[in-house]
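Taking it in order: structure first as structure tokens, then the write-up.
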Amino acid sequence: MSGSAKLTQGSTFKHVVYMSATGAFGLMCMFLVDLVDMLFLSMLGEKEAVAAVGFASTIMFFTISLSIAVSISVTALVSKAVGEGNIELAKRRAVNVLVFGIFFSSAVVWLLWPKIPHILLSIGATGRTLDLATDYLQILVFGMPAVMVGMIGSGIMRALGDARRAMYATLVGGLVNALLDPIFIFALGLGVQGAAIASLIARFSMVVVSYYGVVHIHKMLGEFDLMDFFKDVKPICLIAIPAMLTNMSSPLANAIVMEHTSSFGDDAVAAVAVIGRIIPVVFGGIFALSGAVGPILGQNYGAGRFDRMRSAISSAVIYAFVYCLVLCFCLYQMQDWLVSVFHATQESADLIRFFATFVSFSFFFQSLLFIAIAVFNNLGKPFHSTLLNFGRATLGTWPFIIVFSLFMDAEGILFGQAIGSVIFGCLGFYMAKNYITELEAKEESEIVLSNNLYGYDDIL
């Protein structure tokens with residue numbers, strides 16, 4: 001691999017667009033397959049199947065969020081080491097995060113699997129919907145270690161600035177899933193279970209692609225040493241644990257939304273499930289933004305380039321605004337097609353149209369929050385990200401959806417979420433910009449102090 005920190009050179013806007021676009025393409029392919037899952041299952045003419053995947057996906061989002069959190073730690077640690085020019089440290093931390101992730105994800109599967117029916121019941125799944133959701137989730141959860149390894153591998157490659165190969169893991173996983181879905185769902189007649197089996201196989205295909213890029217192309221895994229592992233557990237946990245808490249807040253918000261939506265019936269739940277599949281496909285470029293900005297910040301922080309860090313933040317905002325403007329307009333134009341293709345009932349159709357018309361642009365403000373989270377995760381204040389995201393998931397979700405649903409019914413749940421995103425997106429971005437200014441002032445004062453001490457030693 002090349003030892004150069006290439007994200008410390010060239011246009012920051014170009015880096016943001018390239019890293020976001022490749023990350024978004026991989027994510028969108030993965031989530032597009034989930035959307036296809038929903039489409040295929042809707043063809044079975046059983047709304048309980050669509051609602052079941054919606055409930056199960058709320059829990060799967062939780063497990064995927066844990067994997068993303070560990071990948072955030074490897075991206076932050078490896079990118080900073082690369083920016084400092086310490087490639088051996090980067091290799092050591094890459095292998096140690098990978099080992100940490102495998103053990104952690106296996107423990108989560110062991111704890112989660114027997115409790116799946118109770119968890120689904122607690123968020124509102126009942127009757128046949130509960131049975132189908134349990135079948136789906138009990139199969140798919142076994143793929144969590146594979147998702148963890150794939151995410152960590154992609155995180156290592158993003159830390160090196162190789163966003164193209166990082167994209168390949170999710171791209172291949174999405175393609176494998178898309179090919180297997182119709183076989184298992186229709187040809188073998190397995191329905192919801194078939195969708196889960198196809199997704200499980202696809203997750204293991206991600207491991208193969210990630211391993212090839214990290215080991216054979218970049219040669220970025222050092223030899224595992226137990227003592228080095230124990231040394232690195234602390235810095236890994238200092239980033240991974242707050243990032244896990246940060247990422248768990250999103251499925252917490254989704255669970256709150258799903259629980260309140262269930263009081264309006266299966267048609268409303270099915271609509272929210274469809275919207276939940278549309279969002280990652282349409283706004284994949286926004287969800288990829290945090291992972292794109294993080295390595296740019298990490299490498300430039302390691303190199304002491306605060307001017308480029310501020311430039312990267314500004315570039316990310318411009319990118320997010322243009323992206324949301326274009327994609328929200330496309331979503332608005334496609335709303336009738338979406339209603340038709342998912343065979344939505346009248347109530348479900350009304351919710352889908354309301355989202356496409358009035359709620360979708362709130363994702364620009366979510367992008368401001370994602371940028372802030374990237375700043376805090378990669379520059380030493382990951383608990384700030386936790387507080388912001390939990391604030392959005394609780395104070396920015398619960399009160400608003402309760403109040404607005406009193407006046408707007410199920411539509412008020414979507415509108416309340418949007419209001420919370422606007423408030424916490426603006427707050428997070430303001431805090432992030434101030435933090436970078438504080439970091440720069442602190443480093444300048446340390447340089448001045450060091451120079452003064454150096455001059456004093458010379459005099460002595």
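Given the pairs Lys14/Lys80; Lys14/Lys433; Lys91/Lys115; Lys115/Lys231, which span a C-alpha to C-alpha distance of over 31 angstrom in this model?
Lys91/Lys115; Lys115/Lys231
With θ set to phi - 60°, apply the Karplus curve 6.51 cos²θ - 1.76 cosθ + 1.60 along region 351-366 and write out the HN-Hα couplings as whole Hz, x wherever there is a Gly or Pro.
5, 5, 5, 4, 4, 5, 8, 10, 9, 4, 6, 4, 5, 5, 6, 5
Apply the Karplus parameterisation 6.51 cos²θ - 1.76 cosθ + 1.60, with θ equal to phi minus 60°, to every residue of region 119-130 and state each ³J(HN,Hα) to the nearest whole Hz, in sequence, with x for glycine and proline.
So the Karplus estimates, Gly and Pro as x, are 5, 5, 4, 5, 9, x, 6, 9, x, 5, 4, 5 Hz.
Using only the Cα atoms of region 127-275, build the gyration tensor, take square roots of its eigenvalues as a ≥ b ≥ c, and label the shape rounded, prolate or oblate: rounded if a/c is under 1.5, else prolate if a/b is larger than b/c, else oblate.
oblate
Trypsin sites (Lys or Arg not before Pro), restricted to region 310-401: which are DSSP loop and have at most 10 other Cβ atoms within 10 Å?
Filter output for region 310-401: empty list.
What nm distance separates the two modelled labels at Leu325 and Ser445, each placed 7 Å from Cα along Cα→Cβ?
Reported label-point gap for Leu325 and Ser445 is 4.0 nm.
Rounded to the nearest 500 deg cm²/dmol, what is the calculated helix-only ellipticity per residue at 222 nm for the chain, with -39500 (n - 2.57) per DSSP H run of length n ≥ 4?
Helices in the chain give a 222 nm mean residue ellipticity of -28500 deg cm²/dmol.
What's the center-to-center distance, using Cα atoms, between region 299-352 and region 35-101 in Å?
Computed from Cα coordinates, the inter-centre distance equals 20 Å.
With the crude spin-label approximation of a point 7 Å out along Cα→Cβ, what separation in nm comes out for Ala187 versus Val99?
That separation, rounded to one decimal, is 4.2 nm.
Give the whole-number value, in cubic angstrom per residue, of the convex hull volume spanned by the C-alpha atoms of region 47-148.
So the per-residue hull volume is 83 Å³.
Between Met408 and Leu44, what FRET efficiency comes out of the Förster formula 1/(1 + (r/R0)^6) with R0 = 30 Å and r the beta carbon distance, rounded to 0.05?
0.45
If you consider only alpha-carbon coordinates, what radius of gyration and Dmax does region 89-193 have, in Å?
My reading of the Cα-based Rg and Dmax gives 17.2, 53 Å.
If region 327-390 were replaced by its equivalent ellipsoid, with semi-axes equal to the square roots of 5 times the Cα gyration tensor eigenvalues, what would those be, largest first, whole Å?
34, 12, 9
How much length is gained if the chain between Ser122 and Gln333 is pulled fully straight, taking 0.36 nm per residue apart and subtracting their Cα-Cα distance, in nm to one decimal?
That pair, Ser122 and Gln333, stretches by 72.3 nm at full extension.
Using the Karplus curve 6.51 cos²θ - 1.76 cosθ + 1.60 with θ = phi - 60°, work out ³J(HN,Hα) for each residue of region 310-327 in order, rounded to whole Hz, and write x for Gly and Pro.
5, 5, 5, 5, 4, 4, 5, 5, 4, 4, 5, 5, 5, 4, 5, 4, 5, 6
Read-outs throughout are calculated quantities, based only on the coordinates presented, and are distinct from any laboratory measurement. Since we're looking at a predicted model, the values are computed, not measured. Heads up, the Cβs are rebuilt from the backbone with ideal geometry, glycines too, and the neighbour counts pull from every protein chain shown.
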